[in-house]
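These notes concern the structure reproduced below.
The values are calculated or read from the model by the stated rules, or taken from the named source; none is laboratory data. All values derive from a computational prediction rather than experimental measurement. Every residue, glycine among them, receives a Cβ derived from its backbone with ideal geometry; neighbour counts consider all protein chains shown.
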Amino acid sequence: MRRVGLARPLLASALLLRTALMPATAMAEAMAVPAERQVTIIFKVLTYDRQLEARAGSELVVGIVHDPTDKDSATAADEIQTTLFKFAGKTVRSLPIKYFLIEYSKPADAEAFIKAKNINMLYVTPGLSKNLPEILKIAQTHHIPTVTGVPEYVRRGVSLGIGVRQDQPQILINLASSRAEGIEFDASLLRIATIVQ
């Protein structure tokens, strides 16, 4: 009986140790909200962008930026792609939705693919921390909004992200980045979002 009683403290200690031993970058790059919930919220948030139609043109084309050599990145890309497939036939502010996977390796290759496919929104998956400055440079050069499920990426310059606060999804907006990428969010959204400077 005493051994059984010790099981919970030992398990808790093991879990705490495992968490403590996890690389800080892995913890920082975790997606806080499931893919399907993320995408639903992101598309809702985009309806508050006053420049959406002017910037996107006739359709919303999402590029899912990922590193195929990174397990977390590849898994997230697959989850986002599966979710976007379910949005077939739906629209955001009357814009039909398309998507492409972007296997990120070199900035020039990614930029060429983005231009060739007329991609006008980038979803940045986990596992791209070291490439983030290059991705953001491409996005700001071409006024392409960046979105993510990694809260830390918003602090580092991605325009829009979905986090968690008190067990509820939280809209995170990097105001400086969003303006640099050509986004003009309505004031009513900014009042309920968490603004990251």
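Annotation note: Cβ proximity below 7 Å between a residue of the range 76-98 that is closer than 19 Å to THR47 by Cα and touching a residue at least 24 places away in the same chain (Cβ under 8 Å) and a residue that is part of a helix (DSSP H, G or I) and among the acidic types (Asp, Glu) (sequence gap 6+ or interchain) occurs for THR83/GLU36; ARG93/GLU53; LEU95/GLU53. A single member of ALA116, ALA88, ALA108, ALA76 is under 18 Å from ALA35 (Cβ atoms) and surrounded by fewer than 17 Cβ atoms within 10 Å (Cβ to Cβ), and it is ALA88. Per the listing LEU172, LEU128, LEU122, LEU132, the residue uniquely crowded, with 16+ Cβ neighbours inside 10 Å, within 17 Å of PRO68 (Cα to Cα), without any contact (Cβ under 8 Å) to a residue 40 or more places away in the chain and not polar (S, T, N, Q) is LEU132.
All conditions but one from (1) within 26 Å of GLY57 (Cβ to Cβ); (2) free of Cβ contacts under 8 Å to residues at least 24 places away in the same chain; (3) not in a strand (DSSP E or B) apply to ALA110; the one that does not is (2).
Restricting attention to the range 124-156, the residues that are in a loop (DSSP other than H, G, I, E, B), at negative phi and not polar (S, T, N, Q) add up to 8. Across the range 52-83, the qualifying residues are those that are touching a Gly at 6+ places or on another chain (Cβ under 6 Å) and assigned to a loop (DSSP other than H, G, I, E, B), and the one among them that is nearest to LEU128 (Cα to Cα) is ASP67. Only a single item in (1) within 15 Å of the chain's Cα centre (by Cα); (2) surrounded by fewer than 23 Cβ atoms within 10 Å (Cβ to Cβ); (3) in a loop (DSSP other than H, G, I, E, B) is not met by SER178, and it is number (3).
Being farther than 19 Å from ASP49 by Cα and modelled with pLDDT of 95 or more, is that true of even one residue in the range 155-162? Write out each step before concluding.
Filtering the range 155-162 for residues farther than 19 Å from ASP49 by Cα gives 155-156.
Subsequent filtering for residues that are modelled with pLDDT of 95 or more retains 155-156.
Yes, the conditions are met somewhere in the range 155-162.
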